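> Sharing a structure below in structure tokens format, with a few things to ask.
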2 protein chains.
Amino acid sequence: MFSSKYRLQTTRPSRQIPILFSILVLLATNSVADEGMWQPHQLPDLSDKLRQLGLEIDPENLSRLDQFPMNAVVSLGGCSASFVSPQGLVVTNHHCVYGSVQYNSTPENNLLEDGFLAKQLSEEIPTAPGTRVYVTEEVTDVTSAVLAGVSASTSGIDRYKSIEANRKALIAACESSGNHRCGVSSFHGGMEYFLIKRLEVRDVRLVYAPATSIGKYGGDIDNWQWPRHTGDFGFYRAYVGRDGQPAEFSDDNVPYTPASFLEVSAKGVEDGDFVMGVGYPGSTNRYRTTGEVENEFEWYYPEARGFREDLISIINENSAAGSAARIAYEGTLASLSNYAKNFQSMVESYQHSDFIDRRKQAEADLADWINADSTRAQQYAPALRQLESLIETDQAARERDLVRSYMGYATLPNTAHRLYRLAVEKQKPDVEREPGYQERDLSRFRQSMQAISRRYDETVDKATLSYLLSRYAELPEQYRSQATDSFFGISNSFDQGQVDQIIEDSYAQSSLDDEAARLAWIDSSVEDFQNSDDPLIRYAVASHAERTALELEDKELIGQFQRWRPQYMEAIIAYNRSLNQPIYADANSSLRVTFGQVRGNQPKDGLINQPFTALEGILGKDTGVDPFNAPAKQLDLIKAKQYGDYILPSLGTVPVNFLSTLDITGGNSGTATMNSKAQLVGLLFDGVYESIIGDWDFDDNKNRAISVDARYMLWVMEFMDGATNLLQEMTIVD
Amino acid sequence: MFSSKYRLQTTRPSRQIPILFSILVLLATNSVADEGMWQPHQLPDLSDKLRQLGLEIDPENLSRLDQFPMNAVVSLGGCSASFVSPQGLVVTNHHCVYGSVQYNSTPENNLLEDGFLAKQLSEEIPTAPGTRVYVTEEVTDVTSAVLAGVSASTSGIDRYKSIEANRKALIAACESSGNHRCGVSSFHGGMEYFLIKRLEVRDVRLVYAPATSIGKYGGDIDNWQWPRHTGDFGFYRAYVGRDGQPAEFSDDNVPYTPASFLEVSAKGVEDGDFVMGVGYPGSTNRYRTTGEVENEFEWYYPEARGFREDLISIINENSAAGSAARIAYEGTLASLSNYAKNFQSMVESYQHSDFIDRRKQAEADLADWINADSTRAQQYAPALRQLESLIETDQAARERDLVRSYMGYATLPNTAHRLYRLAVEKQKPDVEREPGYQERDLSRFRQSMQAISRRYDETVDKATLSYLLSRYAELPEQYRSQATDSFFGISNSFDQGQVDQIIEDSYAQSSLDDEAARLAWIDSSVEDFQNSDDPLIRYAVASHAERTALELEDKELIGQFQRWRPQYMEAIIAYNRSLNQPIYADANSSLRVTFGQVRGNQPKDGLINQPFTALEGILGKDTGVDPFNAPAKQLDLIKAKQYGDYILPSLGTVPVNFLSTLDITGGNSGTATMNSKAQLVGLLFDGVYESIIGDWDFDDNKNRAISVDARYMLWVMEFMDGATNLLQEMTIVD
């Protein structure tokens, strides 16, 4: 499945450091076929193509956030979802509600195993802490406000700071109601900025989730694979106060009334039918330079995959299968291996495609176009040169940055760094603080400090730190930290035994593994930290200056990228305009529309992926062993050909999952797959293995999105779980 | 690939012991679609169907061994092959000539890596010792001669002995010319016997083999898989004396002139075209009882797979990768893992099919038909009962028999047993000796004693024996051997350390690891053995009586099966005749004809196997790392679309491998896939993963044979290897 839960919801600090890594960068591939994650306002320009493909509603509607179907679409912060009733019923993926099912699950009442269904409102239960439903209300172009005070001569660090300050001011004003969560999203590497205002529904309840043996059927083995038979759907409900405004959980709250909702089609789609998806894709890199692509695929992905596999081994070796320690690390392991597989696919696809050759050709074509005209050359050529130079600078210390980006996997030292950072940030006025440490972030910060108790084991953490330090020690001296060298006794000659002894002693003397102790540090002052005897706190204090200095270097570079990347993107856009090709921006977790068709493909020579899988495929796959352990009742229903009204005639049975050409990525999980009338015909939840490189290079023949078919969802609801109350509440159409 | 080299050419003694295992046992599935390995004499009865499917030659020809195309087909003893020129040029699979390439390969002149091509007769080189080309000349029904002296009242052991004696006499008479190798094959479990007389060409030379990176492309990873891109072809030439009779290798020999040869089609086949295969399938079990099927799939395959995986681990743990020891065991490892994968597939297919339900139904239908008529009931009902009872007896000691069947993997003790057995057998007149120990077998026996030098490592062998004895020690006392218990100090309480010490001492004092010592024992007397101090020889002598007693028990049971199985088969045949359905006999390494169509299939829900793979698929699969390391020249040729005249128009490129519905098994490797005119359009070399259970249960939707396309063979010959001499020698037609 798309690991949006890991990628987009995580609070892992490792994401905060290597910004330059995650903001790595391509030239526009030709906007062929079904490629494109379009901003709503672009849709009217594409209306001819949309109508030709079969869209029956007015394309104009897709550009208006206050119109159907756009106002039926919501974000869960990392997942996408849709309203499917006038009473705030929300449908998304099973893997997006999984955390809430797990949260309510006990050995005696194992909701994960049995599934959960509230037969009436009063039986609906609270979701995992922090669960939100975000309804996008406004998207405003704030480019000039964000860039206010910035000129061509502004230095990198000043540019970075100005932009951050302007962003924070816009967000603060936008959130003044107390009921909204706002963000300023950068498009085209900072060429445009949009303020996105979202209503934040804070009382979200779990309504229905099928058994994991349906909702996560195939598990990690089938992850990114076709053929697929996963019932990846689940239901939440949004609640608000009696005044209709967002409120904390209360028995007095009432279901939220959305402006519109999606009808659910029991007729569904057939091979070749028009489909579209409206959701919140997280991140893509479709306009990066050749140098960035080569670095990522030829160096970063192989190296990072090695890091992940080492970490997986270390966790497994230091926690017995089935032990409490292992259970605590299940989520970490899933994330590590999901991306190890992801990176592996990236490298395989890269090696077996002509991606880099096409990229080089596109870059050469752009340069030719720019240089063919002296005005254009004057306007754009410096950006190309400067960007290339910045990329070289960025990559110079890539070994160090890679190690830094994985250091966060050592939980206790990282916790110490974050706690001390909070104390330091709190000395500043709120608006000047680093994102993540502002008042608006503190409840999440506290939750993350609590969550460590369920995700930590001392033996594993010490072994992880030991490994990370051995990798760190391989760095040339210029890239090492004096504080770290000094604290762990590292020099150019590395003594693992000595380092391990220091780790041993530090952990023995630290109280950060105690939840109460951690939470107490949240309210402590910088002085408290500086006077502490806790070795890990002392290390955090000692290394703070160096960490901050590195961060400043990062920001200087980011600021410079913020100057040149937009100009580079302007050149690409102008070039494509000259070819009459529209350009969409890279995904950035903002609302996007993708459209295409239900269609199979040829994943490799000699093999064809059919567009639909069938109920009977579950019989063929089932072994009785997790993750291929469908409920006995389901196997019996299938053997009895109990299809109900959910048959796809050309298949002769109930379709389970289907392929389409929709252009999606992590964050699209839970996105409603809609038909030409904007009725829900499925839920997007994954892509095929060959789609993984799609974040960089969309190939119309290889990229396929996987949806759970609405007919299968309805079949499970009717025959497996008797969710008649929900079937009645939704508007099901033929 | 079909591992006929391992299964049918091996001299592993483990095959000699568990006869009852390898003669495990099904009711006829309905002879639908393309199922059937037909004896040539049956073909005229099927002529309507053959013509309807598209056969253009006279079906009568397929029943006459002295007519084209039957007399162009030869056996290599474990593989099938065909003459493709009037000068004795033989084409078969690369994996069938692999041993000879390996035999001629040196670090300086690495034929495996580079391939080999003789540009003229004088450059052709000797093949591995023992390589033969067998030309089937006559097939005679000898049922009455084999059963002479046998009556209903003959005991099991007497029946076994009579049949063996009659067989040997027939063989001896048949081989009197000195130029033939004869065999008596049992059909339908002993209902019919045929004497098969084959000319034995003893001077066979290696003519051409492509590089292993073409001939074994995909290696073990792609073994049993589709899509496939393997250039699995190679060429031998048969030589005879100037008198035209078989002779040992000599410079004076001349190419053999076959009675006919196959033309090679450069036009090839297209999806849906008629194809047939004439070859030597080794063994199938399509008429076994429910009890036999359940035992095999629910007990034997899972258990035996465990044994194999344990042995693989032991070999790997006791030999460093790349060491001489590991290299010595490569063949053993390949065989162990090939069948571990085979057994795994068997179990998976069994679990996901209704095979056992259909088998039970067929058995019930047969019983109903028999009992519906009192004459029939009198004739057949006893056989059903008796067979069932025999099967129960056979399975009673299955744990012991499984251990016995794997004991041969301990090379030195097994060598001692075989050498002592030879001395014992030599005391008898030749005609009374056990098969394998007759004069006709001695040159092969000697070769196998020499071959141990290249396949043995003391550390691995001791660890293997230690493991096997630990499994042996788990047997209840009644199933253990007193001699073995006594020699290794095993009792109901097992002390691995003590056993290992005895192994250590025995190996230290034994000289059987010395080739000269082994060979000297071949000519030693029983007395020499009895006076020997070699601990392993002493163990062989001490355990001989028990081993012989067990063998007698086996033979008694085999004799009883020889009484009842034929009657059971008669019932099945009579029943099918009543339904107007012809029945083919289980494969037994005799010449068979299979016919069907070029056709893809749906291996699992949501996935389609296309019938052809394409040259470009090699680009998609290639990683540069063995086994996906096509020669750079080949990759360049493909990128340059250098197709020559070998394009399949509907594919737009050169086809590499193709699927067909032909019914084949191990031993069919190298079989010519022929078109409707009996021209060679490919070479059969493997089946898809879902075909593995086909040895028991042919499913028209799942079973697919894989051929290397003749167009790819010709393409490699022309563009990669410049084998113009062979292209000119063969008759290539459009």
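The values are calculated or read from the model by the stated rules, or taken from the named source; none is laboratory data. Being a predicted model, the structure only gives us computed values, none of them experimental. All Cβ positions, even for glycine, are placed from backbone atoms using ideal geometry, and neighbour counts span all protein chains on display. We work out accessible area using only protein heavy atoms, side chains counted, and drop any ligands, DNA or RNA first. Shrake-Rupley method; radii C 1.70, N 1.55, O 1.52, S 1.80 Å.
> Just to check your reading of the model, which residue among A:S691, A:S676 is open to solvent by 10 Å² or more (accessible area, probe 1.4 Å), in a loop (DSSP other than H, G, I, E, B) and of a type in the set (S, T, N, Q)?
None of the others qualify; the one that does is A:S676.
> Is one or more of the residues making up segment B:259-277 acidic (D, E), under 30 Å from B:V204 (Cα atoms) and not assigned by TED's automatic domain parsing to the domain that holds B:A209?
The first filter runs over segment B:259-277 and keeps only residues acidic (D, E), leaving B:263, B:270-271, B:273.
Add one more test, that the residue is under 30 Å from B:V204 (Cα atoms), and what stays is B:263.
Narrowing further to those that are not assigned by TED's automatic domain parsing to the domain that holds B:A209: none.
Looking for residues that are acidic (D, E), under 30 Å from B:V204 (Cα atoms) and not assigned by TED's automatic domain parsing to the domain that holds B:A209, one finds none in segment B:259-277, hence no.
> Can you tell me which residues in segment A:250-287 are assigned to a loop (DSSP other than H, G, I, E, B), within 26 Å of the chain's Cα centre (by Cα) and not hydroxyl-bearing (S, T, Y)?
Hits for segment A:250-287 are A:P258, A:F261, A:L262, A:P281, A:G282, A:N285, A:R286.
> Scan segment B:527-545 for residues that are open to solvent by less than 20 Å² (accessible area, probe 1.4 Å) and either among the β-branched types (V, I, T) or over 20 Å from B:D505 (Cβ atoms) (or both) and jot them down.
B:I537
> Turning to a different aspect of this structure: Restricting to segment A:540-567, name every residue that is within 21 Å of A:A410 (Cα to Cα) and either among the basic types (K, R) or outside the structural domain of A:L390 (by TED's automatic domain parsing) (or both).
Once the filter is applied, which keeps residues that are within 21 Å of A:A410 (Cα to Cα) and either among the basic types (K, R) or outside the structural domain of A:L390 (by TED's automatic domain parsing) (or both), segment A:540-567 yields only A:R547.
> Which residues, taken from segment B:447-463, are within 22 Å of the chain's Cα centre (by Cα), surrounded by 14 or more Cβ atoms within 10 Å (Cβ to Cβ) and of a type outside the set (G, A, S)?
B:M449, B:I452, B:R455 - these are the residues of segment B:447-463 that are within 22 Å of the chain's Cα centre (by Cα), surrounded by 14 or more Cβ atoms within 10 Å (Cβ to Cβ) and of a type outside the set (G, A, S).
> Just a yes or no: is a residue in segment B:342-359 among the basic types (K, R) and surrounded by 17 or more Cβ atoms within 10 Å (Cβ to Cβ)?
Yes.
> Would you mind stating whether A:T613 is part of a strand (DSSP E or B), touching a strand residue (DSSP E or B) at 6+ places or on another chain (Cβ under 7 Å), of a type in the set (S, T, Y) and more than 14 Å from chain B (Cβ to nearest Cβ)?
So A:T613 fails the test.
> Can you name the condition, by its number, that A:L651 falls short on among (1) more than 11 Å from chain B (Cβ to nearest Cβ); (2) assigned to a loop (DSSP other than H, G, I, E, B)?
Every listed condition holds for A:L651 apart from (1).
> Go through segment B:591-610 and give me each residue that's open to solvent by 20 Å² or more (accessible area, probe 1.4 Å), more than 27 Å from B:K677 (Cβ to Cβ) and outside any strand (DSSP E or B).
Passing the criteria: only B:D605.
> Test each condition in (1) buried (at least 20 other Cβ atoms within 10 Å of the Cβ); (2) more than 21 Å from B:E729 (Cβ to Cβ); (3) among the β-branched types (V, I, T) for B:V264 and report the one that comes out false.
Only one criterion is unmet by B:V264, namely (2).
> Here is a follow-up. Cβ-Cβ under 6 Å, sequence separation 6+ or interchain: first residue in segment B:432-457 and under 24 Å from B:N166 (Cβ atoms), partner open to solvent by 40 Å² or more (accessible area, probe 1.4 Å). Which pairs?
B:Q438/B:D430; B:E439/B:D430
> Sort out which residues of segment B:621-639 are within 13 Å of B:M720 (Cβ to Cβ), of a type in the set (G, A, S) and surrounded by fewer than 16 Cβ atoms within 10 Å (Cβ to Cβ), and write them in order of number. Break it down stepwise before answering.
Step one: of segment B:621-639, the residues within 13 Å of B:M720 (Cβ to Cβ) are B:630-638.
Applying the additional criterion that residues be of a type in the set (G, A, S) yields B:630, B:632.
Answer for segment B:621-639, where residues must be within 13 Å of B:M720 (Cβ to Cβ), of a type in the set (G, A, S) and surrounded by fewer than 16 Cβ atoms within 10 Å (Cβ to Cβ): just B:A632.
> Any residue at all in segment B:470-477 that's surrounded by 20 or more Cβ atoms within 10 Å (Cβ to Cβ), in contact with a Leu (Cβ under 7 Å, 6 or more places away or on another chain) and not polar (S, T, N, Q)?
no
> How many residues, within segment B:403-446, are more than 27 Å from B:C182 (Cα to Cα) and open to solvent by 30 Å² or more (accessible area, probe 1.4 Å)?
Of the residues in that region, 2 qualify.
> So which residues in segment B:203-217 are farther than 26 Å from B:A587 by Cβ and not polar (S, T, N, Q)?
Answer for segment B:203-217, where residues must be farther than 26 Å from B:A587 by Cβ and not polar (S, T, N, Q): B:D203, B:R205, B:L206, B:V207, B:Y208, B:A209, B:P210, B:A211, B:I214, B:Y217.
> Here's a follow-up. Report yes if some residue within segment B:642-659 is of a type in the set (S, T, N, Q) and crowded, with 24+ Cβ neighbours inside 10 Å; otherwise report no.
yes
> Quick one: is B:S466 part of a helix (DSSP H, G or I), in contact with an Asp or Glu (Cβ under 6 Å, 6 or more places away or on another chain), under 27 Å from B:A325 (Cβ atoms) and open to solvent by less than 60 Å² (accessible area, probe 1.4 Å)?
Details: part of a helix (DSSP H, G or I): yes; in contact with an Asp or Glu (Cβ under 6 Å, 6 or more places away or on another chain): yes; under 27 Å from B:A325 (Cβ atoms): yes; open to solvent by less than 60 Å² (accessible area, probe 1.4 Å): yes.
Taking the combined requirement at face value, the residue satisfies it.
> Within segment A:130-169, can you find the residues that are open to solvent by 30 Å² or more (accessible area, probe 1.4 Å) and part of a strand (DSSP E or B)?
A:E137, A:E138, A:V139, A:T140, A:D141
> Taking segment A:689-734 as the region of interest, how many residues are among the aliphatic types (A, V, I, L, M) and modelled with pLDDT under 95?
Taking segment A:689-734 as the starting set, the residues that turn out to be among the aliphatic types (A, V, I, L, M) are A:692-693, A:705-706, A:708, A:710, A:713-714, A:716-717, A:720, A:723, A:726-727, A:730, A:732-733.
Remaining after also requiring modelled with pLDDT under 95: A:692-693.
Qualifying residue count, segment A:689-734: 2.
> Let me ask something else about it. Look through B:Q560, B:Q567 and report the one residue that is away from every other protein chain (no Cβ under 14 Å) and more than 30 Å from B:L662 (Cα to Cα).
When all the criteria are applied, what remains is B:Q560.
> Same structure again: Identify the residue in segment A:226-249 that is of a type outside the set (D, E, K, R) and in a strand (DSSP E or B) and, among all such residues, is farthest from A:R181 (Cα to Cα).
So, considering only residues that are of a type outside the set (D, E, K, R) and in a strand (DSSP E or B), the one farthest from A:R181 (Cα to Cα) is A:G234.
> Cβ-Cβ under 7 Å, sequence separation 6+ or interchain: first residue in segment A:620-631 and within 11 Å of chain B (Cβ to nearest Cβ) and over 14 Å from B:V347 (Cβ atoms), partner open to solvent by less than 50 Å² (accessible area, probe 1.4 Å) and of a type in the set (G, A, S). Which pairs?
A:D622/A:A630; A:F628/A:G218
> Please state which of the following conditions B:R242 fails to meet, knowing it meets all the rest: (1) within 14 Å of chain A (Cβ to nearest Cβ); (2) surrounded by fewer than 24 Cβ atoms within 10 Å (Cβ to Cβ); (3) among the basic types (K, R).
(1)
> Let me ask you something else. Restricting the search to segment A:583-610, which residues are within 14 Å of chain B (Cβ to nearest Cβ) and of a type in the set (K, R)?
Selection gives A:R599, A:K604.
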